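The values are calculated or read from the model by the stated rules, or taken from the named source; none is laboratory data. Computed from a prediction, not measured in an experiment: that's the story for all the values here. No Cβ is skipped: glycine too gets one built from the backbone with ideal geometry, and neighbour counts run over all protein chains shown.
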Amino acid sequence: MNMTQRIDLIQDVYEKLKTTWEDLDRKDPAKKWTVEPALIYIKQAYEGIKLGKPLIWYFIGLPPEIFRAMDVAILCPEFACAVVASLGMARKYLEIAEVRITQEFCAANKFPAGLAFSADTKLPDMMVYAPAHPCDAASTVYANLNHCLKIPSFYLDLPYTVDERAVKYVAKELRKMISFMETQTNQKFDWDRLREVIGYSNQALAYTTKINELKKIVPSPLSTRGAFTCGAAMLGLAGASELPEYLKHQYELAQKKAEMGKGGIPNEKIRCIWIHAGFDFDTSIFDWLESKYGAVAVARLWHMLLPEPIDNTGDEAKMLEGIATRTLRYPMARQGRGPVSDFADECISIARDYKANAVISAGNNGCRYHWAVIQLVKDRIYDELGIPTLSFEMSQWDPRVASTETIKAIFDQFFESLV
């Protein structure tokens, strides 16, 4: 690749994030942390593509540690969709996709298709995806990109259950995936590099676990933005060397506030847990909820990794089994797999532990499985904890489904009745 060649969307997003970070650094340094994870993520993809490294697109339901252990550029289109949507730049790619795939698909499913057919950035040299259980749309989109654009792809088969047999099966699938990537990149997989990457991931997970414990304090020492940004960073940047230091800094700031008895917002009145989506297309909604109602998000299930580090001290098989376990218990897939009682049990446990007095189910319009069970979950939460659940349809990446004004009106009605 010509080193001066324009990389279009990825370059545009990187430059916009970099400019935002620099402006905050000059005018309001205390807030530059809000864009740092996205900037680091997109910068890594941009620089890797610019250097001509093989580009891997991987599905958001897969932990990125193995990909970071290779000399490649990586991009999770669904994670990128959230970043692009936050900059108000996603609609073009959603509309391109809607010419080819059903309108009912989730925006995160549409985005990879729209980006691939737009010719606005380099097509991946390979794709790795898996069933999200129960997000069949994701598998459909990646399979069709493979068929239409002839992008070499590996489908990581994941069983429905989570037990010792399933873990060993997925570990074998990961070995097959590594062989596929070795063939496509003409590289030998570096197991020592994987140990290093897992080390960074474990360090970051330790700080994330400490941050989650702090959020159980009343008042929570983190704002909604703080809680959501740290959670998204852990998923997108797992294995990156920059992540532990970033989360360490966020933990230390929150710890100081907790020691002084201060909250992440000055007037915490309502503690919410979010059991589904958020608002990437307009994060100012979170600020509005805090300022108007004192409503702070203390947990979001889709951001919560289980606090289990991956063993990188043993042999290759041990590392793969650790990654396999994390894959099977990854957020979103974990809440969508198995009986509805598992999902309800987790919601109740988190609401109790984080001392919530409201549950928010901002349901993504593409997640039809969610709408089939939400009333059962709401009833269980109310029966066992006596707290209400707000559920409504929206898209965290596409304001055409529900605008900022519509969402605020829904919250007005809910919180005014709650108060």
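Let's see how each residue does on (1) more than 22 Å from I211 (Cα to Cα); (2) free of Cβ contacts under 8 Å to residues at least 12 places away in the same chain:
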position	(1), (2)
A317	yes, no
L320	yes, no
T325	yes, no
A333	yes, no
G336	yes, no
P339	yes, yes
Y354	no, no
V359	no, no
N364	yes, no
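Within region 95-111, the residues that satisfy the criterion of being within 17 Å of F281 (Cα to Cα), buried (at least 23 other Cβ atoms within 10 Å of the Cβ) and of a type outside the set (K, R) are C106, A107, A108, N109, F111. Take region 165-190 and flag every residue that is closer than 20 Å to P131 by Cβ and more than 24 Å from the chain's Cα centre (by Cα). Of everything in region 165-190, those that are closer than 20 Å to P131 by Cβ and more than 24 Å from the chain's Cα centre (by Cα) turn out to be R165, K168, Y169, K172, R175, K176, F180.
Among the residues of region 332-361, just one is over 23 Å from P219 (Cα atoms), touching a Leu at 6+ places or on another chain (Cβ under 8 Å) and modelled with pLDDT of 90 or more, namely A344. Restricting the search to helices (runs of 4 or more DSSP H) fully inside region 1-113 and requiring at least 2 residues that are small (G, A, S) gives 36-50, 77-86.
So that you can scan it fast, the table gives a plain yes or no per residue for (1) outside the structural domain of W288 (by TED's automatic domain parsing); (2) surrounded by fewer than 17 Cβ atoms within 10 Å (Cβ to Cβ); (3) touching a Ser or Thr at 6+ places or on another chain (Cβ under 8 Å):
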| residue | (1), (2), (3) |
| --- | --- |
| Y155 | yes, no, yes |
| R175 | yes, yes, no |
| S201 | no, no, no |
| V218 | no, yes, no |
| T224 | no, no, no |
| T229 | no, no, yes |
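Scanning region 145-171 for residues that are in contact with a strand residue (DSSP E or B) (Cβ under 8 Å, 6 or more places away or on another chain) and outside any strand (DSSP E or B) gives L145, N146, I151, P152, L156.
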